[in-house]
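Take a look at the structure below.
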Amino acid sequence: MSITGIKGMNDILPGDVETWQHLEEQARKVFGAFGYREIRVPVVEKTDLFCRSIGETTDIVEKEMYTFSDKGGTSMTLRPEGTAPVMRSFIQHKMYAQDPVSKLYYIGPMFRHERPQKGRYRQFHQIGAEVIGVDDPKIDAQVLAMLSHYFQTTKIPDVVLQINSLGCPECRPSYRDALISFLEQHIESLCADCQRRYTTNPLRVLDCKVPGCREATVDAPAMLNNLCIGCETHFGQVKEHLSALSVNYTVNPRMVRGLDYYTKTTFEMVTGSLGSQNAVAAGGRYDGLIKDLDGPDLPGIGFAIGLERLALMLGEQSIEPPRPELFIATLGEMATKAGFAMLTRLQREGVLVEMEYTGKSLKAQLRRADKMKTRRVLILGEDELERGVAQLRNMDESSQEEVDLDGLESRLLSEILDA
Ligand code: ATP
Ligand code: MG
C-alpha cells in the first residue's frame, strides 16, 4: 500500500499555496510597517517550556501536545504555540539588553493532537506577533489596530474583534474564589469534565462548549466586573485608544483564553462563517510570563492568527498557475540544443519560459504549450536555425510571424518587461 500523509496534517498544494503566500506577504508588509522584525525558532522545544508557560491544567498541556523522548531521554514537544518559544529565545539571547522594547513576529507550523475537522488540524500554521517591554495601554490598542488592519488588507470578510480583561495576580485570585463558589452551587448542571476541573481551572468552565455548562454559567460572575483599579484603568484606556484609532470592537466579558499566562487585555477575532471553529486569531497580554520563565520582569502582549482558517475564509477557489511568457518548441537535435540554451538565458533574466524536454513531436509540444496557456510560442526548426530565423506565434492574437533569431531575445525581453 502506498504511504499517505498523517491524519490532520495537510499538504498545501500549488493552486492553494498562492493564497498562503498572499497571507504571509501581507503579514510581513503590515507588521514591518508597525516596526516588527521576524524571529524563527525551532519547532521542537523541551517539554517543560510549555508546561510551565501554558499551564499544567490547560487543554493544550493536558491532552493536545505531541511529546516524545529523544534518543538521549530528554522529553521534547512539538510546539503547540509560538509565544513560549519566542519568549524562551528572547530570554536566552538577552534581547532586552539590546533594546528595551522588542517587537517580533513569526510564521510557521504548530502541532496539537486534536480531533481533526474543518478548521481544526494537528499540524496547523500561525502568524504571530509579540511586543515585549511596554505595559502602556497604547500598545494594547496598537497591537489590535495592527491586527484589524491586517484583516482589512487581506480582505478577510465578516470578522469581529472581541476584547476582555482577565485581570492580574492582584484581582484574579479573589475572582477565582468567587467563581468557584458560584460553580459549586451549580455543580450538578456541569459536564463531567467541568465537574473535575472547576476547582483547578474554574475559568475553563466559562469556555466550555457543552450547552449545559453554558446555561449553568449564564449568571456566573465575570472577571470584567471584578477588576482591581489598575486593571480597570488599563482596560478603560485601551478602549479609549481603540476608539481614537477607529478600531471597531465589542466587549465580551465571557471570553477566557485557553492558556494560563494571560493577564489584563485579551482578545479574539471571531467569524460567523466557520461553525464552531469561530476564532481566527487570538491573543492577549502576558505580563508575568517572562519572569515565570526565569527572565527579567518585563510585560508582553501578542496574538496568533490561524492561517488555515483564514485560507478557508478566502474561499476554496484554486488559483490558476502563472502563464508562461514563451514556450520554445523545437524540431531536431541542433534546434533543441539552441532552444534549451535560449530557455535558460531567458529564465536567468527572470522570465517564465517553458519547453518540452524529451523530444516529443511538434504537435505534442504545441498541445502542451496550449495547455499551459502560454502567451507566445517560438517554433525553432533545423532549417530555420541555419537561416537564422524562427516562427513566433502570438497565442492570444492567433498570429504568427517569421523573426530573426539575431536580437530576438532582447526584443522579447523588452516586450515582456514593458507589458
Ligand atoms: P480554539 O478555541 O478554536 O481551539 P484556541 O483558543 O485553542 O482555538 P489559540 O491557542 O488561541 O487557539 O490559537 C490562535 C489561533 O490559532 C486560533 O484562533 C485558531 O485560528 C488557530 N488554531 C488553534 N488551534 C488550531 C487547530 N488545531 N487547527 C487550526 N487552527 C488552529
Ligand atoms: Mg484549542
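The values are calculated or read from the model by the stated rules, or taken from the named source; none is laboratory data. Bear in mind the structure is a predicted one, so any value in this text is a computation, not a measurement. Note that we place each Cβ from the backbone using ideal geometry, even for glycine, and neighbour counts take in every protein chain shown. Quick note on the areas: whole protein, heavy atoms, side chains included, nothing else; ligands and nucleic acids left out. Shrake-Rupley method; radii C 1.70, N 1.55, O 1.52, S 1.80 Å.
The residues on offer are THR374, THR358, and the sole one that is at negative phi and touching a strand residue (DSSP E or B) at 6+ places or on another chain (Cβ under 6 Å) is THR374. Residue pairs whose Cβ atoms lie under 6 Å apart, sitting 6 or more positions apart in sequence or on different chains, and linking a residue in segment 299-325 that is within 27 Å of SER102 (Cα to Cα) to a partner that is open to solvent by 20 Å² or more (accessible area, probe 1.4 Å) and away from ligand 1 (no atom under 14 Å from the Cβ), are PRO299/ASP135; PRO299/ASP287. The set of residues from segment 310-355 being at positive phi and surrounded by 12 or more Cβ atoms within 10 Å (Cβ to Cβ) comprises just one member, GLY332.
Pairs, please: C-beta under 6 Å, at least 6 apart or cross-chain, first residue in the same structural domain as PRO109 (by TED's automatic domain parsing) and in a helix (DSSP H, G or I) and in segment 77-94, second of a type in the set (Lys, Arg) and within 16 Å of ligand 2 (Cβ to nearest atom)? As it stands, the answer is PRO85/ARG79, since those pairs meet every condition given. For PHE303, state whether it is aromatic (Phe, Trp, Tyr), within 16 Å of ligand 2 (Cβ to nearest atom), surrounded by 14 or more Cβ atoms within 10 Å (Cβ to Cβ) and on the phi < 0 side of the Ramachandran plot. Considered against the rule, which asks whether it is aromatic (Phe, Trp, Tyr), within 16 Å of ligand 2 (Cβ to nearest atom), surrounded by 14 or more Cβ atoms within 10 Å (Cβ to Cβ) and on the phi < 0 side of the Ramachandran plot, PHE303 comes out as yes.
You will find that of VAL143, VAL205, VAL134, the residue that is at pLDDT 95 or above and either in a helix (DSSP H, G or I) or open to solvent by 40 Å² or more (accessible area, probe 1.4 Å) (or both) is VAL143 and no other.
Looking at GLN26, is it modelled with pLDDT of 95 or more and open to solvent by 20 Å² or more (accessible area, probe 1.4 Å)? Considered against the rule, which asks whether it is modelled with pLDDT of 95 or more and open to solvent by 20 Å² or more (accessible area, probe 1.4 Å), GLN26 comes out as yes. Taking into account only those residues within segment 66-105 that are open to solvent by 30 Å² or more (accessible area, probe 1.4 Å) and within 16 Å of ligand 2 (Cβ to nearest atom), which is farthest from MET146 (Cα to Cα)? Ranking the candidates gives TYR66 first.
Within segment 106-134, if we keep just the residues that are under 17 Å from PRO42 (Cβ atoms) and of a type in the set (Phe, Trp, Tyr), the residue that is farthest from ligand 2 (Cβ to nearest atom) turns out to be TYR106.
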